[in-house]
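Novice: If you scroll down you'll find the structure; I have some questions about it.
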Amino acid sequence: MTEAQNKVKVHVEKVNKSYGENHVLRDISIDIAANEVVVMIGPSGSGKSTFLRMLNQLETPDNGTIVVDGFDISDKSTDINKVRENIGMVFQNFNLFNNYTVLENIMLAPVELGKMDKAAAEKKARELLDVVNLADKADVSVNSLSGGQKQRIAIARALAMSPDVMLFDEPTSALDPEMVGDVLEVMKNLAGTGMTMIIVTHEMGFAKQVADRVVFFESGKIQESGTPEQIFNAPKNARLQEFLSKIMHA
Amino acid sequence: MKKTRKFLLVVVLTALTMFGLTIDAHAAKVPNYVITTDATYPPFDFQDKNNQYTGIDQEILKTIAKREGFTYTLKPMSFNAATQSVSSGQADGVIAGMSITDERKAVFDFGTPYYRSGIGWAVKKGSSIKSLSDLKDQTVAIKTGTSGADYALSIQKKYGFKVTYFNDSDTLYNDVINGNAQATFGDLPVIQYAVKNGTQLKVMNAKSPIQAGWYGFGVQKGKNAQLLKSFNKGFAAIKNDGTYDKIVAKYLGASAATFTGDKKANNSVIGILKANDSAFLKGLWQTLLLTIVAIILASVWGILLGVMGVSQNAGLRGLSTTLIYIFRGLPLMVLAFFIYIGLPSVIGMKIPAFTAGLVTLILNEGAYTGAFVRGGFEAVDRGQMEAARSLGLSYGKSMRKVIVPQGLKIMIPSFINQFIITLKDTSILSAIGILELTQTGSLIVSRNSQGFRVWAIVAVIYLIVITLLTWLSNWVEKRTRA
Ligand SMILES: Nc1ncnc2c1ncn2[C@@H]1O[C@H](COP(=O)(O)OP(=O)(O)OP(=O)(O)O)[C@@H](O)[C@H]1O
Ligand SMILES: [Mg+2]
């Protein structure tokens, strides 16, 4: 491991979250290193999305500490908008801005936040469109795109801010099967560039191929984590074994 | 986009300047009083064929003002609004065929009684009703706040009739003629004048007025002693030199056509339009001005309420909900009366009718707008806000750049609908005496009794304006969609 890889990007310590009576996250602690690709798996309702959304404060934890990129985001005095500029997020439902074209979607944040002037932002946006193989869609309305295209644009939009960390919440779950490959391809390439990525997904093949570490969530707890080989070939936790047998037979 | 903004700004500024001018116009040295009157009370107060206010009251007042060297701004409105404007200090004096009663003496100081009147009652020509006892189980039409109404109510139990209220004499007479009501009580000279004018009523007690009493010129109790003094002095003079008798004879002796225009002008739509074109135009302009300024300001206010309604701050959300609840719940007319008649006595400041009407519209239409604006923002998918925030955009920027543009698009049909409602609602403001299209119609009808033709004209004008407004809105909508 190089020194950079040793650096902790995301530090989570003893985080709890409840919705009323529903205790969704229980004492979660995890460290994620720079350049690491972590895949989170687990049954529906186990708290994966809640955990991911807490890393950029779309949800606030009830207690515990979350440090991203050296900023303590569980501290109220931290300017969360500044921290979010370095954390890209990709949603299951894409959430592209319906009132803008593809190019405008990608350019909006860098221009509005004063990262780049319009010309530079457009240049970067076109480069990113090349990266996600959609250069010809620059000027179309987002509503004319297929799901797979939308998700690739959403990735480009997040990358336009040059984030250090990328969060993916089931990026392929809303896609027709034939679209899934294109999106995973883009993500795989992104992992190859050394991006720190935290991915919630049910794509086990992708996890085996790309993940440095796989984390199994169940009942708001991290039940087991390890390399893809450890998790998929030699699961220790009984619930993980049960979960894997279910999805393998699905 | 910039151009439209500039245009709107100019419209708003023009309108505001106009109120400013009307407010400041009284800085002259000669005392200038604001006198209210009932706009539809011939032969005492009504509009002649040139749309000038005339009648016994008006001639007396004009003559006295000239003699005693004061000027006044006449504010014609409904009888109730006219008296309440004075008792609340909005206006200085009222002359509106108002009977002097003990009750009113508690609120007003009256000048020398100037006309002896009494209550008469009338039925439809050819009606089988012969005496008060025939009124059992029948309906009696009365004008709100008049002595005729008080008297009718005082004998209602004894004779067992029902009552129905009106604000405007002409509508009231028509109700009796059409048979919805069977009789009416009112000031005898007024009914007699209407009958002379061709109204198909029969006066039942022409020789013996009930509760004979006097009309008086009123000021707010304890205020405006100077005005009252001038009135009394001038009245004594015109009584002595015979001017007073001439005035009364002129109205009670003359045929109606002298004042209301000849038959030809009143018996066709074209004739009515020609005879009243400037009045209709003025009324239309007031309606348009009210509508345009109200639409712009109510939209601004409504969008603000809507933005507050989806704010992250619970206090702002609560405030928005409360304001929307209150002003959507209040009937427009109640709000208008509250602002125009109720508020001035509390804040000690006169509020011009136009301003009061405008504020009423802004508060009411703004509340409706606020409700659908809030709904429109809430209808934008939550994921849009989350995506914007996740990129590092602040709440305000996310709203401005992502949520508001999408929300507004959802709201366009509601806006168009609200614009049309605003236009129609301006007609309710005729109640506080704003001379808009509806009030213009009332005045013309009270003079020429051509209800069907005049109201048809007014209705068509409204439809034309609404059609134009709809076209304009649809055109704007298409452009924003493109
Ligand atoms: N805003 C909310 N209010 C109340 N309960 C919530 C809210 N968000 C999530 N929950 C609850 O928290 C629990 C965990 O939800 P979460 O979305 O994190 O699960 P998940 O592991 O992502 O599931 P899935 O695979 O279905 O996406 C669920 O029981 C869910 O109902
Ligand atoms: Mg989820």
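Novice: Which condition does residue B:168 not pass, out of (1) among the charged types (D, E, K, R); (2) closer than 30 Å to residue B:63 by Cα; (3) over 27 Å from the mean Cα position of the chain (by Cα), if it passes all the others?
Specialist: (3)
Novice: Here's a follow-up. What is the number of the single condition among (1) open to solvent by 20 Å² or more (accessible area, probe 1.4 Å); (2) within 14 Å of another protein chain (Cβ to nearest Cβ); (3) within 15 Å of ligand 1 (Cβ to nearest atom) that residue A:23 does not meet?
Specialist: Against the list (1) open to solvent by 20 Å² or more (accessible area, probe 1.4 Å); (2) within 14 Å of another protein chain (Cβ to nearest Cβ); (3) within 15 Å of ligand 1 (Cβ to nearest atom), residue A:23 comes up short only on (2).
The rows are residues; the columns are (1) assigned to a helix (DSSP H, G or I); (2) at pLDDT 90 or above; (3) not basic (Lys, Arg).
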site: B:248; (1), (2), (3): yes, no, yes
site: B:252; (1), (2), (3): yes, no, yes
site: B:259; (1), (2), (3): yes, no, yes
site: B:264; (1), (2), (3): yes, no, no
site: B:279; (1), (2), (3): yes, no, yes
site: B:288; (1), (2), (3): yes, yes, yes
site: B:297; (1), (2), (3): yes, yes, yes
site: B:306; (1), (2), (3): yes, yes, yes
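Novice: Quick one: residue A:17 ticks every box in (1) within 30 Å of residue A:244 (Cα to Cα); (2) more than 11 Å from ligand 1 (Cβ to nearest atom) bar one, so which box is it?
Specialist: (2)
Novice: From B:302, B:315, B:342, B:383, which residue is surrounded by 18 or more Cβ atoms within 10 Å (Cβ to Cβ) and either touching a residue at least 12 places away in the same chain (Cβ under 8 Å) or outside any loop (DSSP other than H, G, I, E, B) (or both)?
Specialist: After applying the criteria, what remains is B:302.
Novice: If we only count helices (runs of 4 or more DSSP H) wholly inside the range B:386-462, which ones have 3 or more residues that are under 19 Å from the mean Cα position of the chain (by Cα)? Before you say what the answer is, go through the steps one by one.
Specialist: Working: elements: B:395-398, B:404-425, B:437-448.
Once the helices (runs of 4 or more DSSP H) in the range B:386-462 are filtered for at least 3 residues that are under 19 Å from the mean Cα position of the chain (by Cα), what remains is B:404-425, B:437-448.
Novice: If residue A:32 satisfies every condition in (1) more than 12 Å from ligand 1 (Cβ to nearest atom); (2) open to solvent by 40 Å² or more (accessible area, probe 1.4 Å) but one, which is the exception?
Specialist: (2)
Novice: With the checklist (1) within 13 Å of chain A (Cβ to nearest Cβ); (2) under 17 Å from residue B:309 (Cβ atoms) in hand, flag the one item residue B:366 doesn't pass.
Specialist: Of (1) within 13 Å of chain A (Cβ to nearest Cβ); (2) under 17 Å from residue B:309 (Cβ atoms), only one is false for residue B:366: (1).
Novice: Run residue B:367 past the list (1) assigned to a helix (DSSP H, G or I); (2) touching a residue at least 24 places away in the same chain (Cβ under 8 Å); (3) open to solvent by 30 Å² or more (accessible area, probe 1.4 Å) and report the number of the one that doesn't hold.
Specialist: Against the list (1) assigned to a helix (DSSP H, G or I); (2) touching a residue at least 24 places away in the same chain (Cβ under 8 Å); (3) open to solvent by 30 Å² or more (accessible area, probe 1.4 Å), residue B:367 comes up short only on (3).
Novice: With the structure loaded, tell me whether residue A:156 is closer than 30 Å to residue A:59 by Cβ and either away from chain B (no Cβ under 14 Å) or out of contact with any Lys or Arg (no Cβ under 7 Å at 6 or more places or on another chain) (or both) or whether it fails that test.
Specialist: It is true that residue A:156 is closer than 30 Å to residue A:59 by Cβ and either away from chain B (no Cβ under 14 Å) or out of contact with any Lys or Arg (no Cβ under 7 Å at 6 or more places or on another chain) (or both).
Novice: Can you go through A:134, A:159 and tell me which one is under 20 Å from the mean Cα position of the chain (by Cα), within 22 Å of residue A:193 (Cβ to Cβ) and of a type in the set (A, V, I, L, M, F, W, C)?
Specialist: Matching residue, one of A:134, A:159: A:159.
Novice: Name the helices (runs of 4 or more DSSP H) wholly within the range A:43-134 that hold at least 3 residues that are away from ligand 1 (no atom under 15 Å from the Cβ), of a type in the set (Lys, Arg) and more than 14 Å from chain B (Cβ to nearest Cβ)?
Specialist: A:118-131
Novice: In addition: Scan the range A:14-51 residue by residue and report those that are away from ligand 2 (no atom under 16 Å from the Cβ) and among the basic types (Lys, Arg). Let's see the steps before the verdict.
Specialist: As a first pass, look at the range A:14-51 and keep what is away from ligand 2 (no atom under 16 Å from the Cβ): A:14-16, A:18, A:20-21, A:23, A:26-27, A:29-37.
Scanning the range A:14-51 gives A:14, A:26.
Novice: Mind checking which pairs have a first residue in the range A:166-181 that is away from chain B (no Cβ under 14 Å) and a second that is away from ligand 1 (no atom under 15 Å from the Cβ), Cβ under 6 Å, 6 or more apart or different chains?
Specialist: Listed by first residue and then by second, the contacts come to A:172/A:180; A:172/A:183; A:175/A:147; A:175/A:148; A:179/A:147; A:179/A:148.
This table checks each residue for (1) in contact with a helix residue (DSSP H, G or I) (Cβ under 6 Å, 6 or more places away or on another chain); (2) under 28 Å from residue B:346 (Cβ atoms); (3) open to solvent by 20 Å² or more (accessible area, probe 1.4 Å).
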position	(1), (2), (3)
B:83	no, yes, no
B:90	yes, yes, no
B:93	yes, yes, no
B:97	no, no, no
B:108	no, yes, no
B:116	no, no, yes
B:120	yes, no, no
B:124	yes, no, yes
B:127	no, no, yes
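Novice: Another question, then. Name the single residue, out of those in the range A:175-205 being within 16 Å of ligand 2 (Cβ to nearest atom) and buried (at least 18 other Cβ atoms within 10 Å of the Cβ), that is nearest to residue A:33 (Cα to Cα).
Specialist: Checked the range A:175-205; the qualifying residue nearest to residue A:33 (Cα to Cα) is A:198.
Novice: In addition: Considering only the range A:135-174, how many residues are of a type in the set (S, T, N, Q), buried (at least 20 other Cβ atoms within 10 Å of the Cβ) and in a helix (DSSP H, G or I)?
Specialist: 2
Novice: Additional query: Take the range A:206-250 and flag every residue that is open to solvent by less than 50 Å² (accessible area, probe 1.4 Å), of a type in the set (D, E, K, R) and either out of contact with any helix residue (DSSP H, G or I) (no Cβ under 6 Å at 6 or more places or on another chain) or away from ligand 2 (no atom under 16 Å from the Cβ) (or both).
Specialist: A:213, A:224
Novice: A further question on this structure: Can you name the residue in the range B:375-385 that is farther than 25 Å from residue A:81 by Cβ and not aliphatic (A, V, I, L, M) and is also nearest to the other protein chains (Cβ to nearest Cβ) among such residues?
Specialist: Within the range B:375-385, the match that is nearest to the other protein chains (Cβ to nearest Cβ) is B:376.
Novice: Here's a follow-up. Quick one: would you say residue A:39 is away from every other protein chain (no Cβ under 12 Å), within 14 Å of ligand 1 (Cβ to nearest atom) and either more than 21 Å from residue A:246 (Cβ to Cβ) or in contact with a helix residue (DSSP H, G or I) (Cβ under 9 Å, 6 or more places away or on another chain) (or both)?
Specialist: Taking the combined requirement at face value, the residue satisfies it.
Novice: Among (1) surrounded by fewer than 16 Cβ atoms within 10 Å (Cβ to Cβ); (2) over 27 Å from residue B:304 (Cβ atoms), which single condition is residue B:413 missing?
Specialist: (2)
Novice: Could you list, in sequence order, the residues of the range B:46-75 that are touching a Phe, Trp or Tyr at 6+ places or on another chain (Cβ under 7 Å) and under 14 Å from residue B:98 (Cβ atoms)?
Specialist: Within the range B:46-75, B:55, B:56, B:57, B:60 meet the criteria.
Novice: What number of residues within the range A:205-225 are free of Cβ contacts under 8 Å to residues at least 24 places away in the same chain and either assigned to a helix (DSSP H, G or I) or on the phi > 0 side of the Ramachandran plot (or both)?
Specialist: Of the residues in that region, 2 qualify.
The values are calculated or read from the model by the stated rules, or taken from the named source; none is laboratory data. The structure displayed is predicted, hence computed values, not measured ones. Cβ atoms come from the backbone with ideal geometry, glycine included; neighbour counts cover every protein chain shown. With ligands, DNA and RNA removed, areas are computed over all heavy atoms of the protein, side chains included. Shrake-Rupley method; radii C 1.70, N 1.55, O 1.52, S 1.80 Å.
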